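What follows is a set of notes on a single structure, which appears directly below.
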Amino acid sequence: MMKRIELEYQIRSSSSVLFSRLSTASGLAEWFADNVLVAGAKYTFVWGNTNQSAELLSIRPLESVKFKWLEAEEPSDFEFLIVLGEIIEDLSLLVIDHVEEEDEEDVTKMWDAAINRLRKAIGS
């Protein structure tokens, strides 16, 4: 059974720099996949000899990017939300994903590692 998970990460960056890493092929290739190919709303993520395609469902500049895996069971979307703290204006990245309950720990570790690569890519 699929379960929705929300993972929040503190990021030291401007929202424009972070957004470019979440919404462009070159930005996503810095931390999320080895390579990213874009054709219209179709993004193909390449990891070594494996690739997986997703459709860009929505994009709100400097706020969020949402994708849906094309060859996955429902729900198969994942989303990046940029959250700006109201009081001290710290920046967080909220990752929303759907996982099989038994895979939650492994998927969380995968996102942790990916976000560490993102932080290094932006110097956070």
Query - Flag for SER76 being without any contact (Cβ under 8 Å) to a residue 24 or more places away in the chain, in contact with a His (Cβ under 9 Å, 6 or more places away or on another chain) and surrounded by 12 or more Cβ atoms within 10 Å (Cβ to Cβ) - result: yes
Within segment 6-59, restricting to residues that are of a type in the set (Lys, Arg) and within 25 Å of THR108 (Cβ to Cβ), the one that is modelled with the highest pLDDT is ARG21
Residue hits (segment 16-32; touching a residue at least 12 places away in the same chain (Cβ under 8 Å) and exposed (fewer than 14 other Cβ atoms within 10 Å of the Cβ)) are SER16
In the set GLU105, GLU86, GLU101, the lone residue that is under 16 Å from ARG12 (Cα atoms) and exposed (fewer than 12 other Cβ atoms within 10 Å of the Cβ) is GLU86
Counted residues in segment 93-124 being polar (S, T, N, Q), at pLDDT 95 or above and over 19 Å from ASN35 (Cα atoms) come to 1
Here the qualifying pairs (Cβ atoms under 7 Å; residues six or more apart or on different chains; first in segment 33-50 and at positive phi; second surrounded by fewer than 12 Cβ atoms within 10 Å (Cβ to Cβ) and in a strand (DSSP E or B)) come out as none
When segment 75-92 is checked residue by residue, the ones that are closer than 12 Å to ARG4 by Cβ and either touching a Phe, Trp or Tyr at 6+ places or on another chain (Cβ under 7 Å) or at pLDDT below 75 (or both) are PRO75, SER76, ASP77, PHE78
ILE5 passes all but one of the listed conditions (1) in contact with a Phe, Trp or Tyr (Cβ under 9 Å, 6 or more places away or on another chain); (2) exposed (fewer than 14 other Cβ atoms within 10 Å of the Cβ); (3) in contact (Cβ under 8 Å) with a residue 40 or more places away in the chain; the exception is number (2)
Taking segment 79-111 and keeping residues part of a helix (DSSP H, G or I), among the charged types (D, E, K, R) and without any contact (Cβ under 8 Å) to a residue 60 or more places away in the chain leaves GLU102, ASP103, GLU105, ASP106, LYS109
When ALA41 is run through (1) surrounded by fewer than 15 Cβ atoms within 10 Å (Cβ to Cβ); (2) within 20 Å of ALA113 (Cβ to Cβ); (3) aliphatic (A, V, I, L, M), the failure sits at (2)
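The values are calculated or read from the model by the stated rules, or taken from the named source; none is laboratory data. What you see is a predicted model; the values in this text were computed from it and never measured. So basically every Cβ, Gly included, is an ideal-geometry build from the backbone, and we count neighbours across all protein chains shown.
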